[in-house]
Amino acid sequence: MSALLNIANLSVCFPLAFGLMDIFSPRRERHLRVLEDVSLDLGQGETLGLVGESGSGKTTLARAVLGLVPRSAGDIAFDGEMIVGRSEGAFRTMRRKAAMMFQDPVASLSPRLKVGTLLVEPFIIHGEPVASRRETAERLLALVGLPAAFAERYPHELSGGQARRVGVARALALNPRMVLADEPTAGLDVSVQGDILNLMTRLKGEFGLSYIVVTHDLALVRHVSDRLAIMYLGRLVELGPTADVFRAPRHPYTRALLDAEPIPDPRRRREDLAIEGEIPSILNRPSGCEFHTRCRFARESCRNEAPDFTQDASGSAVRCHYPLE
Amino acid sequence: MTDPLLSVQGLSVNFRTPHGFVHALRNVDMQASAGEVIGIVGESGCGKSTLASAIANLLPGNAGIAAGRIRFRDNDVLRLDADAQRRLRGREIAMVFQDPMTAFSPVLTIGQQLIEFQHQMTGIGKAEKRQRAEAMLVRVGISDARLRLDGFPHEMSGGMRQRVAIAAALLMNPSLLIADEPTTALDVTLEAQIIHLLRALRRDYNGAIVIVSHQLGVIAELCDRVYVMYAGEVVELAPIDDIFHRPRHPYTQALLDCDPARLNQRGAVLPTIAGEIPDLTALPDGCVFAPRCSFADDRCRVPQVLTYVSDAHAARCHRVQP
């Protein structure tokens, strides 16, 4: 499987406001290190699930790949071409081939434009000629299973599931090779969630797409992704084939996430608590292994030494001194 | 069985909108006894939040009660005057909302608000109220409770705010706690913690708890009895185990089938429920679920009644035989 996207040692940090008082506390963190040294590949036709709690950096990673947030270090190569520089222009060519489905489908559509206009917007932005705006809009609507009449509607007239479909149609407008879907089913009812995921799966086959699905919903990624990448405090902590990760998670954090999922079966209620505490502030990263403050298996060395992200022959990787068997 | 603490009888609620009346609740019956945890589950638009708001008498201004009554202890909730309603909410019925941020004023400290919430508690001083607030924060698992009392809501994380919201709800020792999507805004690890907390609380709480959620997992983890709602009606009610292992209504069955958390094997296609929820301004004559039901036939054209298959298990479908 040749890689469509290569991410190497990608970091994103934002400078913090620096005030006079900071002179007296020289040890204060001056940067918000949102993403730390992330290396990841996405194969042709692959679906990669990017999972973590809020604040884990998963959305930032997806946005950084498209240059929507500036990277501070690291390399991104798309379809074999290295993206040089951080400017908008450097990413423009790539964004034609790599589209984003934003988290809030209604908020990501301009409320003043009709769906038909919204669907031809990508062509205008990228200077692609459009023979007939109406036909283009209708073709895209048909693609996602919406009637042509929807071109005349405004975003607020759409239900959550319909707005999501318009988001899918917009992402596919320019025939991309890769789609980054940020929480594609957040806020949807379970009966509609399946619809959107089935649609994404069908389109993947039809257009030979590769997906990065950013989500906190483990049950969902289990059914759509080939590989999983688990993030904690802006770092990858585990990477591996989805089935393997679910069957035998190796990082204690992954295990805790799986254990925390409520089970829709009253006969299998969990009596113990999978994980205590909350995700620490990235302004105050724990020493050593950054998960040690919440890890039930933490030992002395975990507090002092940061573990590496060690990859085995099969491509699975884990950032832990004492991975689970 | 003793009289239920809460009893909703034949409740119908309409919303006035520019497009006509939305029949948000139709002929809903529901009971909750002390010591019970009741789950109300359904998808958006099914009326579960409207039901919760009606019980707490917090329906928005454009809502009208078309029929039915709500009895809480010896009170006819819907007939109480505004003052009596407020007293009932302050002392007996407490609510926890989905978004813990909006439950608090951003300009007052947590302590000020938790003291203010006890204003109906006459006979004790401010210092004692502060102590009670602190004790309650400890009970819901807030570390540094004393320090937190002097902090503001924005200084806390979402999970912590939800804990404080639960503490605030329990301060007056209400006999009915209504939690509307209490974990929806939280990450899965925090959700597990809040579920854990609610379970621990119920051990030494002898009131009733009503959990409103669209998430089957949350309902399964917490509740004793469940009401499944669809398009403003209760379509099935049953003890928790029956809902998940012997569902009788086709909608309940379909809803369970859709939950990806119940599928162990990765399949090519995820199950869905075809069609959309009906327009609540113009309802079909017969069964509201029939247009989406894979078992629908001619007998579905007439209104369906709840048929009991056991003492506590009923479904609104003609296919169900007693």
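Using a simple spin-label model with pseudo-atoms 7 Å out from Cα toward Cβ, residue A:44 and residue B:294 lie 3.7 nm apart. On a per residue basis, chain A carries 45 Å² of accessible surface, using protein heavy atoms and a 1.4 Å probe. Across peptide B:270-283, the average count of Cβ atoms from other chains found within 10 Å of a residue's Cβ is 3. For a paramagnetic label modelled at 7 Å from the Cα of residue B:268 toward its Cβ, which residues of region A:189-214 fall within the zone defined by backbone nitrogen distances under 15 Å? Residues A:198-199, A:201-206 fall inside that zone. Within region A:214-290, the GluC sites (Glu not before Pro) that combine a DSSP coil assignment with at most 12 other C-beta atoms in a 10 angstrom radius are A:271.
If R0 is taken as 56 Å, the Cβ-Cβ distance between residue B:152 and residue B:319 corresponds to a FRET efficiency of 0.55.
So what does log10 I(q)/I(0) come out to for chain B at q = 0.06, 0.08, 0.15 Å⁻¹, using the Debye formula with one equal point on every Cα and no solvent? For the requested q values the scattering log ratios are -0.22, -0.39, -1.27. With a 10 Å cut-off around each Cβ of A:180-193, the average count of Cβ atoms from other chains is 4. Heavy-atom accessible area buried between chains A and B is around 3600 Å² (1.4 Å probe, both sides summed). Charge dipole (Cα centre; +1 on Lys/Arg Cβ, -1 on Asp/Glu Cβ; no other charges) of region A:1-138 amounts to roughly 460 debye.
Could you work out the relative contact order of chain B, using alpha carbon pairs under 8 angstrom and six or more residues apart, expressed as a whole percent?
It comes to 21 percent, rounded to a whole number.
Take the Cβ atoms of residue A:281 and residue A:305, set R0 to 22 Å, and the FRET efficiency comes out at 0.55.
Averaged over A:249-258, how many beta carbons belonging to a partner chain fall within 10 Å of each residue's beta carbon?
Mean number of neighbouring Cβ atoms from other chains: 1.
The relative contact order of region B:243-322, computed from alpha carbon pairs under 8 Å that lie at least 6 residues apart in sequence, is 25 percent. Taking the accessible area of region B:71-172, probe 1.4 Å, and keeping the other protein chains in place, the carbon and sulfur fraction comes to 49%. Taking each DSSP H run with n ≥ 4 as -39500 (n - 2.57) and averaging over every residue of chain B yields -8500 deg cm²/dmol at 222 nm. Using a probe of 1.4 Å on the protein chains alone, the accessible area found for residue A:41 is around 70 Å².
Debye-formula intensities of the protein assembly as shown, expressed as log10 I(q)/I(0) at q = 0.07 Å⁻¹, are -0.51 (one equal scatterer per alpha-carbon, no solvent). The stretch between residue A:269 and residue A:107 holds 54.6 nm of extra length on full extension. This uses 0.36 nm per residue minus the Cα-Cα distance.
Per-residue packing, averaged as other Cβ atoms within 10 Å, sorts the ranges A:50-62, A:146-158 into the order A:50-62, A:146-158, beginning with the highest.
In what sequence, highest mean first, do A:104-113, A:240-249 appear when ranked by Cβ atoms within 10 angstrom?
Answer by packing, highest mean first, reads A:240-249, A:104-113.
Straight-line cross-link partners of residue A:97 among the lysines, defined as a Cα under 17 Å from its Cα and at least 8 positions apart when in the same chain: A:204.
Under a 5 Å amide H cut-off, with hydrogens placed 1.01 Å from N, residue B:227 pairs with B:39, B:40, B:41 among residues at least 5 apart or on other chains. GNM on chain A, alpha-carbon springs under 10 angstrom: the most fluctuating residue among A:174, A:16, A:233 is A:16. Region B:237-284 and region B:166-187 have Cα centres lying 27 Å from one another.
For a modelled paramagnetic label at residue B:119, 7 Å from Cα along Cα-to-Cβ, the residues of region B:165-179 in reach, with backbone nitrogen under 16 Å, are B:172. So what's the gap between the Cα centers of region A:231-297 and region B:17-76, to the nearest angstrom? Between the Cα centre of region A:231-297 and that of region B:17-76, the gap is 38 Å. Amide H to amide H, with H built 1.01 Å from N, residue B:270 comes under 5 Å of A:198, counting only residues 5 or more places away or on other chains.
For residue A:149 and residue B:135, the FRET efficiency from 1/(1 + (r/R0)^6), where r spans their Cβ atoms and R0 equals 45 Å, is about 0.15. Here the 3J(HN,Hα) profile of region A:3-15, calculated from phi with Karplus coefficients 6.51, -1.76 and 1.60 at θ = phi - 60°, is 7, 8, 10, 10, 10, 10, 6, 6, 10, 10, 9, 10, x Hz, Gly and Pro shown as x.
Of B:149, B:88, B:263, which has the largest mean-square fluctuation in a 10 Å C-alpha GNM of chain B? In this elastic network of chain B, the residue with the biggest mean-square fluctuation among B:149, B:88, B:263 is B:263.
Sequence-ordered 3J(HN,Hα) estimates for region A:177-188 from the Karplus curve with 6.51, -1.76 and 1.60 and θ = phi - 60° stand at 9, 9, 10, 9, 10, 8, 6, x, 10, 4, x, 9 Hz, glycine and proline given as x.
Here the Karplus relation 6.51 cos²θ - 1.76 cosθ + 1.60, evaluated at θ = phi - 60°, turns the backbone of region B:190-196 into coupling constants of 6, 4, 4, 5, 5, 4, 4 Hz, with x for every Gly and Pro. With the helix formula -39500 (n - 2.57) applied to DSSP H stretches of n ≥ 4, chain A reaches a computed 222 nm mean residue ellipticity of -9000 deg cm²/dmol.
The values are calculated or read from the model by the stated rules, or taken from the named source; none is laboratory data. Quantities reported herein were computed from a predicted structural model and do not represent experimental measurements. With ideal geometry, Cβ positions are generated from the backbone for all residues, glycine too; neighbour counts draw on all protein chains shown. SASA here: full protein model, heavy atoms, side chains in, ligands and nucleic acids out. Shrake-Rupley method; radii C 1.70, N 1.55, O 1.52, S 1.80 Å.
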